[in-house]
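Here's the structure we're looking at; comments come further down.
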Amino acid sequence: MLSSRLGRWAKGIVVSAAAAHATYWVWESAERWESEAQQANPDAGIGAGFIEGALATLAWLTLVPLLLWAGMRLLRERDNQLLVSMGSAMWIILGTQLTEGSISRMETELFLLAFALLGGFLALFRPTAPAE
């Protein structure tokens, strides 16, 4: 019993860390792409880099739930509804601190570590069938 809970906790941490780092990397790359598009055509006005910015936002909001679900399924874990739903909400809350751009790389890694640890704890909870 303990080894399966410990294994699920470890899988939750690994999957959460991978999802957070991958999403942050994709978002950061898309933001850089948006900035380059705006600098390449500064006379384009408000529309310069709009598509790149929209892709960055879309990646920021959709990659974490998708990667959490897919990662846990690849590691043969079921009943990950709490991890995916609360992990996504937690990502939005923690992520707002990351998108401000005023924090250092060390603080960014600490936020990503906090997300991974919280994801590990969320992975421990599984829904139970009602007793009849």
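For this structure, a couple of remarks:
- Modelled spin labels at L6 and I103, positioned 7 Å past Cα toward Cβ, are 3.1 nm from each other.
- The convex hull of the Cα atoms of the chain, projected and averaged over all directions, covers 9.9 nm².
- C-alpha center-to-center spacing [region 69-84, region 91-126] in angstrom: 19 Å
- Rounded, prolate or oblate (a/c below 1.5 giving rounded, otherwise prolate when a/b exceeds b/c) for region 14-73 by Cα gyration tensor: prolate
- In this Cβ point-charge picture (+1 for Lys and Arg, -1 for Asp and Glu), the chain has a dipole of about 860 debye about its Cα centre.
- Fully extended contour minus Cα-Cα distance, from L124 to T57, at 0.36 nm per residue: 21.2 nm
Read-outs: derived from the displayed coordinates by stated rules, not from any lab. Please read all numbers here as calculations on a predicted model, not as lab measurements. We place every Cβ from the backbone using ideal geometry, glycine too, and count neighbours over all the protein chains shown.
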